[in-house]
Amino acid sequence: MNEKMKENAVAFYKMAYEGNPRKAIELYVGAAYIQHNPDVANGTEGFIEYFERMQREYPKKSIEFVRVISENDLVALHTHQIWPDNDEYVTMDFFRFDANAKIVEHWDAIQQIPKTSANENKMY
(Lines give C-alpha, C1' and ligand atoms only; values in the text may rest on other atoms or scores of the structure.)
Protein backbone atom coordinates (compact mmCIF):
# COMPACT_ATOMS: atom_id res chain seq x y z
CA MET A 1 0.00 0.00 0.00
CA ASN A 2 2.86 2.43 0.78
CA GLU A 3 4.23 2.27 -2.78
CA LYS A 4 0.75 2.95 -4.20
CA MET A 5 0.31 5.93 -1.87
CA LYS A 6 3.72 7.31 -2.89
CA GLU A 7 2.84 6.94 -6.58
CA ASN A 8 -0.55 8.58 -6.01
CA ALA A 9 0.92 11.51 -4.08
CA VAL A 10 3.44 12.29 -6.83
CA ALA A 11 0.90 11.86 -9.63
CA PHE A 12 -1.66 14.01 -7.78
CA TYR A 13 0.71 16.89 -7.10
CA LYS A 14 2.34 16.78 -10.55
CA MET A 15 -1.05 16.78 -12.31
CA ALA A 16 -2.35 19.69 -10.23
CA TYR A 17 0.88 21.68 -10.49
CA GLU A 18 0.99 21.25 -14.26
CA GLY A 19 -2.51 22.66 -14.65
CA ASN A 20 -5.11 19.92 -14.25
CA PRO A 21 -6.17 20.03 -10.58
CA ARG A 22 -9.76 18.95 -11.29
CA LYS A 23 -8.61 15.66 -12.82
CA ALA A 24 -6.10 15.21 -9.97
CA ILE A 25 -8.96 15.52 -7.47
CA GLU A 26 -11.12 13.06 -9.44
CA LEU A 27 -8.36 10.44 -9.61
CA TYR A 28 -6.55 10.74 -6.30
CA VAL A 29 -8.72 12.32 -3.58
CA GLY A 30 -11.13 10.57 -1.22
CA ALA A 31 -14.58 11.64 -0.04
CA ALA A 32 -13.20 14.61 1.92
CA TYR A 33 -10.15 16.85 1.51
CA ILE A 34 -8.85 18.78 4.51
CA GLN A 35 -6.47 21.61 3.63
CA HIS A 36 -4.01 23.11 6.14
CA ASN A 37 -2.25 25.61 3.84
CA PRO A 38 -3.65 29.03 4.89
CA ASP A 39 -3.45 30.33 1.28
CA VAL A 40 -5.80 27.63 -0.05
CA ALA A 41 -9.48 27.27 0.85
CA ASN A 42 -10.52 24.03 2.53
CA GLY A 43 -12.02 21.27 0.39
CA THR A 44 -11.60 20.20 -3.21
CA GLU A 45 -12.99 23.35 -4.86
CA GLY A 46 -10.51 25.53 -2.96
CA PHE A 47 -7.68 23.31 -4.16
CA ILE A 48 -8.91 23.40 -7.76
CA GLU A 49 -9.34 27.19 -7.73
CA TYR A 50 -5.86 27.73 -6.31
CA PHE A 51 -4.04 25.50 -8.79
CA GLU A 52 -6.04 26.75 -11.79
CA ARG A 53 -5.11 30.31 -10.80
CA MET A 54 -1.43 29.37 -10.38
CA GLN A 55 -1.47 27.82 -13.87
CA ARG A 56 -3.03 30.96 -15.40
CA GLU A 57 -0.64 33.32 -13.62
CA TYR A 58 2.54 31.21 -13.78
CA PRO A 59 2.31 28.73 -16.69
CA LYS A 60 6.10 28.32 -16.99
CA LYS A 61 6.73 27.12 -13.42
CA SER A 62 8.42 23.74 -12.96
CA ILE A 63 8.68 21.11 -10.26
CA GLU A 64 11.16 18.36 -9.45
CA PHE A 65 10.31 15.63 -6.94
CA VAL A 66 13.48 15.17 -4.91
CA ARG A 67 12.29 12.75 -2.20
CA VAL A 68 9.17 10.72 -1.49
CA ILE A 69 8.85 9.20 1.98
CA SER A 70 6.01 7.08 3.33
CA GLU A 71 5.01 5.93 6.81
CA ASN A 72 1.69 4.39 7.79
CA ASP A 73 -1.03 6.53 6.15
CA LEU A 74 1.27 9.51 5.42
CA VAL A 75 3.39 10.43 2.40
CA ALA A 76 5.88 13.30 2.38
CA LEU A 77 7.08 14.96 -0.83
CA HIS A 78 10.24 17.07 -0.90
CA THR A 79 10.27 19.22 -4.04
CA HIS A 80 12.32 21.85 -5.82
CA GLN A 81 10.18 24.41 -7.65
CA ILE A 82 11.25 27.10 -10.11
CA TRP A 83 8.89 29.99 -10.77
CA PRO A 84 9.22 32.99 -13.15
CA ASP A 85 12.38 35.09 -12.91
CA ASN A 86 14.23 32.04 -11.54
CA ASP A 87 12.42 32.36 -8.20
CA GLU A 88 13.18 29.02 -6.49
CA TYR A 89 11.45 27.25 -3.60
CA VAL A 90 11.84 24.09 -1.60
CA THR A 91 8.59 22.56 -0.40
CA MET A 92 7.67 19.73 1.90
CA ASP A 93 4.14 18.46 1.44
CA PHE A 94 2.50 15.89 3.67
CA PHE A 95 -0.54 13.91 2.57
CA ARG A 96 -2.75 11.65 4.69
CA PHE A 97 -4.45 8.79 2.86
CA ASP A 98 -7.59 6.78 3.52
CA ALA A 99 -7.82 2.95 3.36
CA ASN A 100 -8.32 3.13 -0.44
CA ALA A 101 -5.02 4.99 -1.03
CA LYS A 102 -6.91 8.25 -1.65
CA ILE A 103 -5.68 11.59 -0.31
CA VAL A 104 -7.85 13.10 2.43
CA GLU A 105 -5.62 15.69 4.13
CA HIS A 106 -2.70 17.99 3.26
CA TRP A 107 -0.08 20.06 5.10
CA ASP A 108 2.92 21.88 3.65
CA ALA A 109 5.96 23.99 4.42
CA ILE A 110 7.43 26.29 1.77
CA GLN A 111 10.82 28.00 1.87
CA GLN A 112 12.26 30.33 -0.72
CA ILE A 113 15.81 29.48 -1.78
CA PRO A 114 17.97 32.55 -1.07
CA LYS A 115 20.33 33.97 -3.70
CA THR A 116 23.30 33.47 -1.37
CA SER A 117 24.14 30.79 1.20
CA ALA A 118 26.68 30.33 4.01
CA ASN A 119 27.47 26.89 2.51
CA GLU A 120 27.50 25.20 -0.90
CA ASN A 121 24.92 22.50 -0.07
CA LYS A 122 21.63 22.50 -1.94
CA MET A 123 18.43 22.84 0.11
CA TYR A 124 16.87 19.89 -1.73
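The values are calculated or read from the model by the stated rules, or taken from the named source; none is laboratory data. All figures in this text were calculated on a predicted structure; none of them were measured in a lab. In this analysis, Cβ positions are derived from the backbone assuming ideal geometry, glycine residues included, and neighbour counts consider all displayed protein chains. With ligands, DNA and RNA removed, areas are computed over all heavy atoms of the protein, side chains included. Shrake-Rupley method; radii C 1.70, N 1.55, O 1.52, S 1.80 Å.
What the table shows:
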| quantity | calculated |
| --- | --- |
| The range 9-50, dipole about Cα centre (Lys/Arg Cβ +1, Asp/Glu Cβ -1), debye to the nearest 20 | 140 debye |
| Segment ILE82-ARG67, length gained on full extension (0.36 nm per residue, minus Cα span) | 3.8 nm |
| Surface share of carbon and sulfur [accessible, 1.4 angstrom probe, percent] for the chain | 49 percent |
| P(r) tail fraction, the range 1-50 - alpha-carbon pairs more than 14 Å apart, % | 52 percent |
| Radius of gyration, Dmax [the chain; alpha carbons; angstrom] | 14.5, 45 |
| Helix-only [θ]222 nm of the chain, DSSP H runs n ≥ 4, -39500 (n - 2.57) each, per residue, nearest 500 | -9500 deg cm²/dmol |
| Electrostatic dipole magnitude of the chain [Cβ: Lys, Arg +1; Asp, Glu -1; Cα centre; debye, to 20] | 220 debye |
| Additional length obtainable on full extension of the chain from PHE94 to LYS14, 0.36 nm per residue less Cα span | 27.4 nm |
| Per residue accessible area in Å² of the range 10-75, where ligands, DNA and RNA are left out and the probe is 1.4 Å | 58 Å² |
| Degrees between helix 2-17 axis and first principal axis of the chain (Cα, 0 to 90, nearest 10) | 60 degrees |
